[in-house]
Amino acid sequence: MTTEPQAIAVQFTEAIEFLRRKLNVSSEEWRAIWQQAGSIAQEAASRQTTQVHRDLMKAVLRAIEDGTTLEQFRAEYETITAEAGWAAGPDPGWHSRLVFRLHTMQAYAAGRWEQSERIAELNPQIAYYWRYITVGDHRVRPQHAEWQGIILPRDHIWWRTHFPPNGFNCRCHAQLVTERDMRRRGWTVTPDSDPRLGIPPDTGFEGNVGIAGVRLQQLQRAKLAAPATSP
């Protein structure tokens, strides 16, 4: 069974909107949003490379919207990088997979977080928790494997720095659960004294793309609400 990421045919609206919003801000604005969400900047590049990244992100957006595969994305990847005269290194196949996985996983994570915010707002009487889940195979990084099954309140500070993905090619995700779900499955909330909570994420991923996505949405709403200035 393949573990390669595939864009799903059923559209995930929040993930699509996250990528659209991200395309509508400058690299400087996104870095500021990402830093405010509890992380160091992920992307720093020359002007030319930044444009290539934006074009590739547009291709990922189309992949999510249309339900296309990694192989179809690679065709666009090769066209974009060739037209820019940009070299990804000795193994462009590896890099195209990395780009596809990073942006799709971040988009779905941001969408999942946005959905959880809306669900919690509609059901304030219910306590929600996130449960950390890995793929569970031999490719899972040891520190990520340590986080398997961690359950913490949705607003716990740990999720500000550990909401997956937590590294390049990370395939982990978080599952939203209730106390009823936990009782049915015999799960318990992870105590703050658990040493696994002290394991840091991969360098450059010490943040929460969901929180960054919400702030990105707030920024764009503020821009739309701002009065137009005279030329």
Original post:
Which of the following residues is modelled with pLDDT under 60, among the β-branched types (Val, Ile, Thr) and in a helix (DSSP H, G or I): THR49, THR81, THR3?
Top reply: THR49
**OP:** Taking only region 129-145 into account, find how many residues are closer than 18 Å to ALA109 by Cα and surrounded by fewer than 17 Cβ atoms within 10 Å (Cβ to Cβ).
**Re:** 2
**OP:** Check whether at least one residue in region 174-188 is touching a helix residue (DSSP H, G or I) at 6+ places or on another chain (Cβ under 6 Å), in contact (Cβ under 8 Å) with a residue 24 or more places away in the chain and polar (S, T, N, Q), and report yes or no.
**Re:** no
Subject >> Pick from region 96-125, criterion assigned to a helix (DSSP H, G or I) and free of Cβ contacts under 8 Å to residues at least 24 places away in the same chain, ranking: farthest from PHE205 (Cα to Cα) >> reply: LEU122
Original post:
How many residues does region 129-151 contain that are outside any loop (DSSP other than H, G, I, E, B), more than 18 Å from THR203 (Cβ to Cβ) and either in contact (Cβ under 8 Å) with a residue 40 or more places away in the chain or in contact with a Cys (Cβ under 6 Å, 6 or more places away or on another chain) (or both)?
Top reply: 5
Original post:
Would you call GLY111 outside the structural domain of ASP155 (by TED's automatic domain parsing) and at pLDDT below 80?
Top reply: no
Subject >> Test: residue in region 199-211 that is assigned to a helix (DSSP H, G or I), more than 14 Å from the chain's Cα centre (by Cα) and either in the same structural domain as ARG20 (by TED's automatic domain parsing) or modelled with pLDDT of 90 or more (or both) >> reply: no
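The values are calculated or read from the model by the stated rules, or taken from the named source; none is laboratory data. These numbers come from a predicted model, not from an experiment. So basically every Cβ, Gly included, is an ideal-geometry build from the backbone, and we count neighbours across all protein chains shown.
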